[in-house]
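Encoded as structure tokens, the structure appears first; notes follow it.
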Amino acid sequence: MSFEADMKEFERRVVSAMTAMFQSVVIEIGETVVQFSPVLTGRFKGNWQFGKDSIPSQSLVAYDPSGTSTVAAIASGARTLTAGQVAYIVNNLTYGYEIEIAGWPSGKPPYIPVRRTFDEFERIVNEAIRENAV
């Protein structure tokens, strides 16, 4: 092979690894935030949504007490990502603030699913890097 062909192959492998790493990070973040979310009716877990290059702006009438369907939907969307795109995982229910910050149902300590997921971010990224090294 020529040097140019070697470099093109290396570039292809790096971009492929970056895409796989990005997808893995988004999937793991989705799984983690859903796992850390409280369950009263399952609507909060069912409202975590994936967005690619734009932020989902609606809430859903979706109940998923186990989080399984929600995580599957996030993973399905994440598998369409390529390196360089922007991914969003959002929950548009109006009481998300109370769950995250104020404590909800009233009088309970906050569940802080986003903060707890953020605390796991470095581990999630390092794991994805190890799994997708070139």
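Below are the figures for this structure:
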| quantity | calculated |
| --- | --- |
| Kyte-Doolittle at least 0.0, axis length at least 18 Å by Cα - qualifying DSSP helices, the chain | 3-35 |
| Reachable lysines from K108, criterion Cα separation under 25 angstrom, eight or more residues apart if same chain | K45 |
| Per residue accessible area of segment 1-77, 1.4 Å probe, in Å² | 56 |
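The values are calculated or read from the model by the stated rules, or taken from the named source; none is laboratory data. Predicted, not measured: the structure shown is a model, and the values here were computed from it. In case anyone asks, the SASA skips ligands and DNA or RNA and just uses the protein heavy atoms, side chains included. Shrake-Rupley method; radii C 1.70, N 1.55, O 1.52, S 1.80 Å.
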